[in-house]
Amino acid sequence: MEKGVWLEFEKIDDTFAKYGLWQAPLKFREQKVPFKAIIKEIKGKQRVISIVSRGYKLLPNSLVHEAVVQLSEMFGLQMMKQSRYQLIYGGRAVYHTDEKSHRAYWTMVFPERYKIGRDNIQLGVQIRNSEDGSMGFGVDLFTFRLVCKNGAVVRTGDLEIRAYWKHTKGLKLDLNALKTTIVQIVDRGKAILDNYRALTALKLNQEIAERLAERLPKKYLPEYIKAKEQKIELLKPATLWETYNDITQLIWHSEKASMFTKRNLFRELHKVLEISL
C-alpha cells in the first residue's frame, strides 16, 4: 500500500467565511467521499471541528444570533447570563457558547410574572444550535424563579409544535416561523405552572428521594437527601416544590457543568417528578 496523503479537500465552500466557518467536501484520490469537514477559525487559526455527511447543512451560531437579537427586541425579552460560558454580545441579546463543543444557547424570558405560592416565576425559551453536528437547532421552554435566580429547561419534544430541526436540507432560519414557535411554546408552556402548583401540595418521600439519587449525581441533591453508599436518608421534611427548586438551583448555578449536561440533568429531574407539558 503506497504511502502519502489519501484524503483531500475538494473546492472549499466559503459561503459562511464572514462568520469564520468553511465547509470542505472530502475526496479519496479523485473519488468523492460522502463526508465533508467543517472548518472554524478559533483564536486566529483554522481548525477542523467536525467531519459530517455531505448532506449536513451548516447553520452558524452567529447567524442564529442575528435572528435572536431581532426576536429579543421584538418581544422585549430579558436575556439570562451565566458565568460558565463565554458571552457573545450583540444588540440586546447574549448567548452562551463553549468553544470546545461549538454549541450555543440563547436563554431568555418574557417580562410577565406568575405566582406559585410565594414565588414569582417567569416563562421564556431557550434556543440552541451547534456548528459541529453535535446538537440540532431548536427551541425549548424555559422557566425562571426570581428569588434564587435559578432556571430550568423543559424540553418541548413532546409538544405538537415544530420546535426542532436537524441539520439537513430542510433546515431554514425563518424569523417569522421562529416568532410563531416561541409564542406557541410559551402559551402551551403555561401548563407547566399547573405542574409546579401541584408540587407545592406534595411531600418528598423515600421512594422519590431514592429515584432522585439514582438519576442524579450526589452533588446535585439537596442537603436533606443524604445518599451514602446504597442508603438514602431524608433528614427533614420538604415539599416537592422545595425539592425541585433546591435541585434546579444547584444545576443552574453550577460553573463546572456545560449547558448540554444541565439540559440532561433537568430532563432526568422532570422524569422523576413527572413534570411535563
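The values are calculated or read from the model by the stated rules, or taken from the named source; none is laboratory data. Bear in mind the structure is a predicted one, so any value in this text is a computation, not a measurement. Every residue, glycine as well, gets a Cβ built from its backbone with ideal geometry; the counts of neighbours run over all protein chains shown.
Among the residues of segment 199-234, just one is closer than 17 Å to Ser254 by Cβ, free of Cβ contacts under 8 Å to residues at least 24 places away in the same chain and assigned to a helix (DSSP H, G or I), namely Lys218.
Summed over segment 67-93, residues that are over 18 Å from the mean Cα position of the chain (by Cα) and either modelled with pLDDT of 85 or more or within 19 Å of Gly136 (Cβ to Cβ) (or both) total 5. Each residue in segment 1-58 was checked for being surrounded by fewer than 10 Cβ atoms within 10 Å (Cβ to Cβ) and either closer than 22 Å to Arg103 by Cβ or within 24 Å of the chain's Cα centre (by Cα) (or both), and 3 pass.
Taking segment 28-57 as the search range and keeping residues that are in contact with a His (Cβ under 7 Å, 6 or more places away or on another chain) and outside any strand (DSSP E or B), which one is farthest from Trp6 (Cα to Cα)? Checked segment 28-57; the qualifying residue farthest from Trp6 (Cα to Cα) is Lys57. Checking every residue in segment 189-201 against the condition of being over 20 Å from Ile127 (Cα atoms), over 27 Å from the mean Cα position of the chain (by Cα) and modelled with pLDDT of 90 or more gives at least one match.
Restricting attention to segment 35-46, the residues being of a type outside the set (Phe, Trp, Tyr), without any contact (Cβ under 8 Å) to a residue 24 or more places away in the chain and in contact with a strand residue (DSSP E or B) (Cβ under 6 Å, 6 or more places away or on another chain) number 1. Candidates Thr181, Thr168, Thr156, Thr143: the one that is surrounded by fewer than 20 Cβ atoms within 10 Å (Cβ to Cβ) and either among the β-branched types (Val, Ile, Thr) or at pLDDT 95 or above (or both) is Thr168. On the basis of being at pLDDT 90 or above, of a type in the set (Asp, Glu) and in contact with a Pro (Cβ under 8 Å, 6 or more places away or on another chain), does Glu131 make the cut? Taking the combined requirement at face value, the residue satisfies it.
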